[in-house]
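The values are calculated or read from the model by the stated rules, or taken from the named source; none is laboratory data. Not measured: the values here are computed from a predicted model. A quick note on method: Cβ atoms are made from the backbone with ideal geometry, for glycine too, and the neighbour counts reach across all protein chains shown.
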């Protein structure tokens, strides 16, 4: 869309009324894109691609016309798409993070307990209260595994 206005950028840059008309047309375009996304006519992905590419094109072809660039960017930048797919995605991300943290905490607890048991068994072996083979058995390991892990 911006290409069709490029020839008049100088006029829009210097004339507030003309720039206001361009901004109004862009606002209408943004509303129609938002509606298309809300109604599922375009996906969130395509909505984002259209927005990103439009901004990149605008930055390049309007770089000499600050008023045009800033005016249209404000219209384009003010739109945030909140649609069902995004809500589902965000809920899934939140649930995934919580499940991951829970699993990580549980794994950490289990490792901590196992490390604590090994530490106690090593101490008992060093104090000659348990043999290496008995400590390995209590740790559910073979004697060579226990020796390798503990350095005994």
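When each of 19, 29, 58 is tested for being closer than 30 Å to residue 88 by Cβ and in a helix (DSSP H, G or I), the lone residue that passes is 29.
Scanning the range 121-152 for residues that are surrounded by 11 or more Cβ atoms within 10 Å (Cβ to Cβ) and out of contact with any helix residue (DSSP H, G or I) (no Cβ under 9 Å at 6 or more places or on another chain) gives 123, 126, 148.
Please determine, by comparing only the residues of the range 35-56 that are within 22 Å of the chain's Cα centre (by Cα) and touching a residue at least 40 places away in the same chain (Cβ under 8 Å), which one is surrounded by the most Cβ atoms within 10 Å (Cβ to Cβ).
Across the range 35-56, the extreme among qualifying residues is 37.
Can you tell me which of 64, 128 is modelled with pLDDT under 90 and either outside the structural domain of residue 29 (by TED's automatic domain parsing) or not in a helix (DSSP H, G or I) (or both)? Exactly one of 64, 128 is modelled with pLDDT under 90 and either outside the structural domain of residue 29 (by TED's automatic domain parsing) or not in a helix (DSSP H, G or I) (or both), namely 64.
Within the range 99-117, at least one residue is surrounded by 12 or more Cβ atoms within 10 Å (Cβ to Cβ) and either in contact with a helix residue (DSSP H, G or I) (Cβ under 8 Å, 6 or more places away or on another chain) or in a helix (DSSP H, G or I) (or both).
Applying the set (1) surrounded by 10 or more Cβ atoms within 10 Å (Cβ to Cβ); (2) over 25 Å from residue 4 (Cβ atoms) to residue 68 leaves exactly one unmet item: (2).
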